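Just so it is clear, none of the values below were taken in a lab; they were calculated from the coordinates. Predicted, not measured: the structure shown is a model, and the values here were computed from it.
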Amino acid sequence: MAKGTPHQIDIHVGNRLRSRRLVLGMSQEKLGDHLGITFQQIQKYEKGTNRISASKLQAAAAVLGVPVTYFFQDQQSAPDLQEVDEIGTFLLSRDGVTLNRAFTSIKSKKVRQTIITLTKALAGADDIGIQIADAAPHSTNVLR
């Protein structure tokens, strides 16, 4: 590992910290206040650029309502952690968290399956360069 490069475990712990914080809808500033540190320090923990001490990790676990082991769950082998995981990155984003919350609040399995089918169709249309407007029925009553 090159000097100045975050350790893979620090990156993993930081990703888990960010994930749990976003699921709870907590800002970096609010988490920092609970831990007695700045939101900038939370950013560094989440990116893995700064290591989080055992005492801060314990305090973060308490604030976020998870056991300390939560931060080490789903840890993959070292080579896999180095690869950029686009799905994981999306799931940790605000859009990903918002989409997941909305989707999981839908009670009807049929509606969820319809949304999945629609999403796949839109993704496929996007992949082959079809515009959504091209796929819509032609109408003179176009919203302006």
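Miscellaneous remarks
- Straight-line cross-link reach from LYS56 at under 22 Å between alpha-carbon atoms covers these lysines, not counting any fewer than eight positions away in the same chain: LYS30, LYS44, LYS47.
- Compactness ratio for the range 1-77: Cα radius of gyration over 2.2 N^0.38 Å (N = residue count) comes to 1.02.
- Proximal lysines relative to LYS110, as straight alpha-carbon distance under 25 Å, when same-chain residues fewer than 8 apart are discounted: LYS120
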